[in-house]
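To keep things clear, I will list the structure first and then write my remarks on it.
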Amino acid sequence: MSHTITPGTTLTTQDVADLIDHALLKPELTPAEVEQACRALAADEIWSVCVRPSDVRLALQAVDGHTTRVCTVIGFPHGTTSTAAKVAESRQALADGATELDMVLNIGRLRGGDVDAVTQDIAAVVEVGHAAGVLVKVIFETALLDDAQKEAACRASEAAGADFVKTSTGFAGGGATLPDVRLMRAAIPDTMQVKASGGVRDIDTLLAMVAEGVTRIGTSSTEALLAGAREREQAGTLVVPEPGANVAGADGQGY
């Protein structure tokens, strides 16, 4: 089954909200700030809030009564914790109530050519996540990789049984670009999905990402994206363009 959205499809603002994982991952955020943000975001019924592992229980309480889910990150942001640590972190996150896991692959091992180790690392987290019935996304950190390494990361993620490949953490000086998501979409089967994170701050960029096969957006610009979606929906122009759109806002810089 393909998860992509066909170019020419007219979307609603709720369709856009259903694409969004809102990132609440900055280390300086206080519990009160996380709770306040989660409550506001849940009122917009976005797909999920993506919070730090220590905030999962707090976020669950804040979104109670809404459809918004709670996603968390594993091995974040560098991907260099041991596989055993990632597994333990995943189990704790699931016990706390997380419904999606975004894990960072071992970037150094990938760049060093040890794709088998990377695959095994991903597979260990996927096994834990899937046993609990939750989705697992694999974060590549595309700003640190060349195209061959991105393709190798896609193959490793597929072999490990992951549900999504994801561009970036937002903490390495770069984020999603149209060429990167195009490459990733082409390198995985239709049964897997692509999450674009970092640099998606306006509705034109979001739509251009969707045109390239993206089905989830990691962002901290939810308010601007939904405002743009409402305006375009009212104008009847909230439509997925053809692939290859030239969008000035798709600079891939940060969340």
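A few remarks follow.
- Å² of accessible area per residue within the chain, as computed with a 1.4 Å probe and no ligands counted: 41
- Each eigenvalue of the Cα gyration tensor of the range 1-50, multiplied by 5 and square-rooted, gives one semi-axis; in descending order these are 28, 12, 7 Å.
- By accessible area, using a 1.4 Å probe on protein heavy atoms only, the chain has 50% of its surface on carbon and sulfur.
- For a modelled paramagnetic label at residue 14, 7 Å from Cα along Cα-to-Cβ, the residues of the range 63-96 in reach, with backbone nitrogen under 15 Å, are 66-68.
- Cα-based convex hull, the range 49-159, per residue volume (Å³, whole number): 96
- Based on the convex hull around the alpha carbon atoms, the range 1-89 presents an average projected area of 7.9 nm².
- The chain - Rg (one decimal) and Dmax (whole number), Cα, Å: 16.9, 51
- Estimated 222 nm signal from helices in the chain, with DSSP H stretches of n ≥ 4 weighted -39500 (n - 2.57), rounded to 500: -12500 deg cm²/dmol
- Extended-chain gain in nm, criterion 0.36 nm per residue less alpha-carbon gap, residue 132 and residue 148: 2.5 nm
- Whole-angstrom gap from the range 20-61 to the range 115-152, using each part's C-alpha centre: 24
The values are calculated or read from the model by the stated rules, or taken from the named source; none is laboratory data. What you are looking at is a predicted structure, and each value in this text was computed from that prediction instead of being measured. Here the Cβ is made from the backbone with ideal geometry for all residues, glycine too, and neighbour counts use every protein chain on show. With ligands, DNA and RNA removed, areas are computed over all heavy atoms of the protein, side chains included. Shrake-Rupley method; radii C 1.70, N 1.55, O 1.52, S 1.80 Å.
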